[in-house]
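Q: Let me give you the structure first, and then I'll get to my questions.
The values are calculated or read from the model by the stated rules, or taken from the named source; none is laboratory data. Please read these numbers as outputs of a predicted model, since none were measured by experiment. Here Cβ is always computed from backbone atoms with ideal geometry, including for glycine, and neighbour counts include all displayed protein chains.
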Amino acid sequence: MKIQFDHPLGDDALHLSEDKLNFGAYGPATPIVAEICRAQGLSTDEALGFSRRDVHKAAFAYAAMGNRVRNGKTFAYFARSFREKPYRTLFAKVAPDAPPGAHGLAMKINGRPWRQSSYRRLVALAGDQEALKVLRHERRLTRRDLFILNALPEGFRSPAMLQAARKKGSAHDVVFAITIGKRIRPDLDDRQLRVSLEAASTSGLRKWVRRQFRHAPFPAPPTESIKLTDGRILVPIEDYETLAAHARAFDNCIRDYLRAILLRGSCFYWFGDKSRRADIAIVELKNLTVAGWFVHEILGPENAEIRFDDRQAILAAFRQHDIYPTPQAARANGYWDLPL
């Protein structure tokens, strides 16, 4: 439905609809203000005296009317009564389905008049209890705030989360981080995940996402622990905490292989003697896709070469499980530049 009326600011006529508004002195809200002026018989000078807050209040109430705006009597009553009756009373009359106190959001709208689609988005968000708490908490509301709140999933709409999204990048970035966290961290509920994300440093959104991968479960290793007859043992490293601990103990870079581990491209084993608390070597198995697992590298603390008999014991243990060495694992200077 379109409402046609004379425009007191000079145009012959304007057409008002929920989907399309002609622009004028008050931007997208001009047709609404023009109808109020016509209904109240205001002069041009009086029409130009509307404050920005009045324009936001009128446009927000119009959006909150919803289908009631199609009732000509409702809109006519609103146009005659605007600024004549208390806004709270008038809002409750023309938009009875709006949440209690929603009229106060109009006082917080910041900037130039919005398109009707943005006011309608604000009305829709006010209907969500979680979002409404955030809207009431904010001193000012911008269109970007609405976009962020609308994009944030249920359980993550909070003042701190809105503030974090403002500082940490676009709403898409934050939603991506939330999605990664929910998929990787089943051990955390939404509240715990939200608190963790809110606590991330302003520029640390990417770092926060990377840290979540440390909690991802490692793929099952090719074999369980392999015990040798003399007390030495090969133990698969099956979580990031253990991986990082061995990286510190051996002073090497195996924690940088997290991505390869999660993609099932590499798997690491600790080799040592638990009874003597002796760290002997870290063994990397590499998955050569269709060819399966191979022993790729065997190195001691600080990436030093290990004793010949230790190397042979490791290779013999894995051969029993049909895992054979690559040339570089079997002998010195035997490196092959495999494309996988």
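Q: Of the conditions (1) in contact (Cβ under 8 Å) with a residue 40 or more places away in the chain; (2) farther than 21 Å from R166 by Cβ; (3) of a type in the set (F, W, Y), W114 satisfies every one except a single condition; which number is it?
A: With respect to (1) in contact (Cβ under 8 Å) with a residue 40 or more places away in the chain; (2) farther than 21 Å from R166 by Cβ; (3) of a type in the set (F, W, Y), W114 is out only on (2).
Matching residues to (1) under 16 Å from A199 (Cβ atoms); (2) outside any loop (DSSP other than H, G, I, E, B):
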residue	(1), (2)
D145	no, yes
L149	no, yes
R157	no, no
A160	yes, yes
Q163	yes, yes
K167	yes, yes
V175	no, yes
R183	no, yes
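Q: A further question on this structure: Within the set of pairs 6 or more residues apart or between chains, which connect a residue that is on the phi > 0 side of the Ramachandran plot inside segment 27-39 to a residue that is among the β-branched types (V, I, T) and part of a helix (DSSP H, G or I) with Cβ atoms less than 8 Å apart?
A: Correct list of pairs: empty, since none qualify.
Q: How many residues, within segment 319-340, are closer than 15 Å to C267 by Cβ, modelled with pLDDT of 65 or more and among the hydrophobic types (A, V, I, L, M, F, W, C)?
A: Final tally of qualifying residues: 2.
Q: What pairs come out if I take residues in segment 194-205 that are more than 11 Å from V174 (Cβ to Cβ) and at pLDDT below 85 and pair them with residues that are of a type outside the set (V, I, T) and loosely packed, with under 15 Cβ neighbours inside 10 Å whose C-beta lies under 8 Å away, six or more apart or interchain?
A: Matching pairs, first to second residue: S201/K207; T202/K167.
Q: Can you say whether E238 is out of contact with any His (no Cβ under 7 Å at 6 or more places or on another chain), surrounded by 14 or more Cβ atoms within 10 Å (Cβ to Cβ) and free of Cβ contacts under 8 Å to residues at least 60 places away in the same chain, as far as the supplied structure shows?
A: On the way: out of contact with any His (no Cβ under 7 Å at 6 or more places or on another chain): yes; surrounded by 14 or more Cβ atoms within 10 Å (Cβ to Cβ): yes; free of Cβ contacts under 8 Å to residues at least 60 places away in the same chain: yes.
For E238, the condition - out of contact with any His (no Cβ under 7 Å at 6 or more places or on another chain), surrounded by 14 or more Cβ atoms within 10 Å (Cβ to Cβ) and free of Cβ contacts under 8 Å to residues at least 60 places away in the same chain - is met.
Q: Taking segment 283-318 only, how many residues are of a type in the set (V, I, T), in a helix (DSSP H, G or I) and either at pLDDT 95 or above or in contact with a Lys or Arg (Cβ under 8 Å, 6 or more places away or on another chain) (or both)? Don't jump to the end; show me each part of the working.
A: Filtering segment 283-318 for residues of a type in the set (V, I, T) gives 283, 289-290, 295, 298, 306, 314.
Filter once more, keeping what is in a helix (DSSP H, G or I): 289-290, 314.
Pick out the ones that are also either at pLDDT 95 or above or in contact with a Lys or Arg (Cβ under 8 Å, 6 or more places away or on another chain) (or both) and you get 314.
Residues that pass the stated criteria total 1.
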